[in-house]
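Before any comments, here is the structure.
Every number here is computed from the coordinates shown, using simple stated rules; none is lab data. Since we're looking at a predicted model, the values are computed, not measured. Counting neighbours? That spans all protein chains shown, and the Cβs are built from the backbone with ideal geometry, glycine included.
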Amino acid sequence: MFRSPYPDEVIPNVSVYDFLFRDLSADDAARVALIDGPTGDETSYGALKAQIDLLAGALAARGIGIGDVVALHSPNVPAFATVFHGILRSGATATTVNALYTVEEMARQLQDSRATMLFTVSPLITVASESAAFAGIPDERIIVLDGLDGYTGLRDLLAEGAPAPEVSFDPATHVAVIPYSSGTTGFAKGVQLSHTNLVANVAQCAPVLDVSDEDRILAFLPFFHIYGMTILLNLALSRHAALITLPRFDLAQFLQVIQDQKVSFVFIAPPVAVALAKHPLVDQFDLSSVRGMMSGAAPMDESLANAVTARLGVHMQQGYGMSELSPVSHVIPPDRDDLSRGTIGFPIANIECKIVDVETGAELDMPAEGSSRPGELWVRGPNVMLGYLGQEQATHETVDDDGFLHTGDIAQVNHDGSFQIVDRLKELIKYKGYQVAPAELEALLLTHPEIADAAVVAQPDPAAGEIPKAFVVRREGSALTEGDVMTFVAEHVAPHKKVRAVAFIDAVPKSSAGKILRKDLRGR
Ligand code: AYL
């Protein structure tokens, strides 16, 4: 077993709201918490806290609190922070929905999470209201953040002036959020994270993420995904930094905002590093305010990280984790410029982990030199999820009786104690850091009348990391083309899940138990 090289951090036994906002000093209340990137509008910490209290009051006045699930469906705008923390403050549970989801995808999440209220933005109202109808959420329970005729706006709720409720729950067992992840197999499942899980992961990062109230942090990674949720909405706010929100990634705007807002810290996923290393636009902006960068959510190529560092003069930290870990478990510390950027650094505070030989089940040790053999990475700590919502079997297959979460990632440990992800055991595909669950695309493909069988695997891609590739068995007599298959999938899923390569085969290779032999297909 490997332990974190850092001393244990004390994990406060409090709610997310109490951790972040309860004891806000007058000085901190005056600081800027959020800046709307496109307009420059600012919200102070004091104003944010007041809005969170008012929103919790308005929810309580509608009978929403402990036991209720509220969906939040919005790109990154400052009001996201108000609504996210307002839901948690009321005692309710937030489920965050990808802003690019189709009606089918969103309705599935609303139904599975049993959401009874929904916050959205006016440009997304069509998808939101159709999904809500499927899930039985009435129009009065749809709140539009920026306001829209016929709907209650966020401003209307805050204007009610309702006092924040007194709620009491056990932070260790009360579910704060339910983001969705497919984990090691199957469809997306609700990942139940407690208040303590979220508080812990912020506290655990203390020794390795050097973010302070002086920092100005670009927040374009979506808050609805666990990376943006924990690192931006929780960690950056806990340090009283300023978050500059951008609703989508556009390279020119991204660079312009870094220059204009004197951004000091940028959290990215690997595809953004590709642009930063190679795109000619980068030279046209003054990025000298940037002193820190972190990449996570998908493998970072060492030479790519080095190219970004050479161009911008800033070292890149790499973080590793998964939604089920709230999400961070390993990080390259800021003061270890000697470590290869191809590693994920060390286990963060309060983390124990193992590397387990997939064939024999034996635990692998740290070698005297070089790297260990590869094995599955298992992780234990206060950030391990409570379990999947309504999925006891999947929970037991993922978190063992000793509390270790089996990540489905293949790792090695190096002689200096750093870790490296070298492969993936699980079927998950990562397109630009976003999850694509092969099982979901396979089920969709099988609904096509001309498709007899299908399997989806990852194909390496220089820009996206991986793209979903479909191997399709056509029904006899079918003249289905590659384009037909791609168009069919694109009509039903969010853009990151689109099938971007197709091959027709005679039969999907399967084991005697009927499991798709993805490894056989990956090489083709
Ligand atoms: P999910 N290197 C290789 N693979 C990675 C890495 C990495 N640095 N980070 C995540 N993955 C893969 O739930 C891995 O397969 O969370 C893992 O099981 O969307 C899966 O992505 C989890 O996908 C940070 C910032 C962690 C972000 C995150 C993880 C958020 C992604 C630490 O500092």
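All other residues whose Cβ lies under 9 angstrom from that of Tyr388 are scored, Lys and Arg at +1 and Asp and Glu at -1, for a net of -1.
Here the alpha carbons of region 229-313 define both size measures, Rg and Dmax, at 12.7, 36 Å.
Evaluated at q = 0.10 Å⁻¹, the base-10 log of the normalised Debye intensity for region 180-325, with identical point scatterers placed on the Cα atoms, takes the values -0.35. Applying D = kT/(6 pi eta Rh) to the chain, where Rh is the Kirkwood radius over alpha-carbon pairs, T corresponds to 37 °C and eta to 0.692 mPa s, the Stokes-Einstein value obtained is 138 µm²/s. Let me check I've understood the local charge: for Gly65, count other residues with C-beta under 12 angstrom from its C-beta, Lys and Arg +1, Asp and Glu -1. What total comes out? Computed value for this residue: 0. With both bridge residues required to lie in the chain, what share of the DSSP beta bridges run antiparallel, to the nearest 5%? Of those bridges, close to 60 percent are antiparallel.
Selection among Met229, Leu325, Phe285 by position relative to the dipole of the chain gives Phe285 as farthest towards the positive end (Cβ unit charges, Cα centre).
Calculated [222 nm] ellipticity per residue, helices only, for the chain: -7000 deg cm²/dmol; basis is -39500 (n - 2.57) per DSSP H run with n ≥ 4, divided by all residues, nearest 500. Over region 61-178, all Cα pairs binned in 5 Å intervals from 0 give whole-percent P(r) values of 2, 12, 24, 25, 21, 11, 4, 1, 0, listed from short to long. For region 205-231, backbone nitrogen atoms closer than 19 Å to the point 7 Å from Lys262 Cα along Cα-to-C-beta are found at 211-219.
When Lys and Arg each count +1 and Asp and Glu each count -1, what net charge do the other residues less than 12 Å away from Gly153, Cβ to Cβ, add up to?
Neighbour charge sum, excluding Gly153 itself: -3.
In this structure, the amide hydrogen of Tyr180, modeled 1.01 Å from its nitrogen in the peptide plane, lies closer than 5 angstrom to those of Val191, counting only residues at least 5 positions away or on a different chain. Dividing the C-alpha radius of gyration of region 1-129 by 2.2 N^0.38 Å, with N its residue count, gives 1.22.
Where a ≥ b ≥ c are the square roots of the eigenvalues of the C-alpha gyration tensor, would you call region 429-522 rounded, which needs a/c under 1.5, or, failing that, prolate if a/b is larger than b/c, or oblate? Oblate is the answer for region 429-522, as a/c is 1.5 or above yet b/c matches or exceeds a/b. For Asp250 and Glu369, FRET efficiency with R0 = 35 Å and r from the beta-carbon atoms, rounded to 0.05? Approximately 0.15, to the nearest 0.05.
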